[in-house]
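Have a look at the structure below, then the notes.
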Amino acid sequence: MDEPLLRPATLADVSELVETVRQGFETYREWAPRGWEPPELELHIAGIRGRMAERGCWCEVAEAGSELVGQAGTVPARGAPHAAHVWMLFVRQPWWGSGLAARLLERADAAAVAAGRTELRLQTPSEHARARTFYEREGFERRGDPLYEPMLGLVLVSYRRPARAAP
């Protein structure tokens with residue numbers, strides 16, 4: 001596989017961003033509670049558009065050829081002006097294990113540092129072992145108690161780590 005091109009996301013990318021999220025959520029069925037359904041696509045569209053319009057939002061996509069294959073996004077963390085919240089990090093399944101997720105996270109980290117943020121925060125489903133292993137390998141530490149997220153219908157865990165500039 002050729003190395004994907006990373007570039008800033010635009011509103012013209014929203015449908016592909018939503019598709020990547022949809023594909024990612026479909027894999028949740030492997031471990032999610034019986035009968036779990038992902039949120040409606042309209043919620044993803046509204047959520048991504050809304051986040052991209054927020055002041056301080058950073059969002060980047062990875063393209064291989066003409067296909068979007070991954071994405072990451074941060075916004076300033078609510079109530080913590082020193083922190084960036086990683087609100088989205090998805091890589092399409094053929095790219096799992098390729099290092100693309102780590103590369104996107106590194107870019108998100110560098111953008112946070114450039115914006116004066118000193119910490120990265122995120123939430124991920126408590127039962128999503130692959131994601132939790134990835135974030136822990138990337139230096140994130142679990143913080144606080146699990147919290148049920150009604151929009152997702154899943155229990156989430158919070159992670160944090162100091163922001164660090166890329167080497």
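The values are calculated or read from the model by the stated rules, or taken from the named source; none is laboratory data. These figures come from a predicted structure and were not determined experimentally. Just so you know, the surface numbers come from the protein's heavy atoms only, side chains and all, with ligands and any DNA or RNA stripped out. Shrake-Rupley method; radii C 1.70, N 1.55, O 1.52, S 1.80 Å.
Averaging the sequence gap over all C-alpha pairs within less than 8 Å and six or more residues apart, then dividing by the number of residues, gives segment 71-167 a relative contact order of 27 percent. Among Phe140, Phe90, the sequence by solvent-accessible area, most first, with a 1.4 Å probe is Phe90, Phe140.
Can you send over the carbon and sulfur percentage of the accessible area for the chain, probe radius 1.4 Å, protein chains only? Answer for the chain is 51 percent, counting heavy atoms of protein chains only. Solvent-accessible surface of the chain, taken per residue with a 1.4 Å probe and all protein chains present: 54 Å².
Label segment 93-153 by shape, choosing from rounded, prolate and oblate, from the square roots a ≥ b ≥ c of the eigenvalues of the Cα gyration tensor; if a/c is under 1.5 it is rounded, and otherwise prolate applies when a/b is larger than b/c, oblate when it is not. The shape class here is oblate. Run the Debye formula on the Cα coordinates of the chain, all scatterers equal and no solvent, and tell me log10 I(q)/I(0) at q = 0.11, 0.13 1/Å. Taking Cα atoms of the chain as identical point scatterers yields -0.42, -0.60. Can you classify segment 6-83 as rounded, prolate or oblate using the Cα gyration tensor, where a ≥ b ≥ c are the square roots of its eigenvalues, rounded means a/c under 1.5, and otherwise it's prolate if a/b beats b/c and oblate if not? Oblate, since a/c reaches 1.5 and b/c is not below a/b. Here the relative contact order of the chain, from alpha carbon pairs under 8 Å that lie six or more residues apart, stands at 20 percent.
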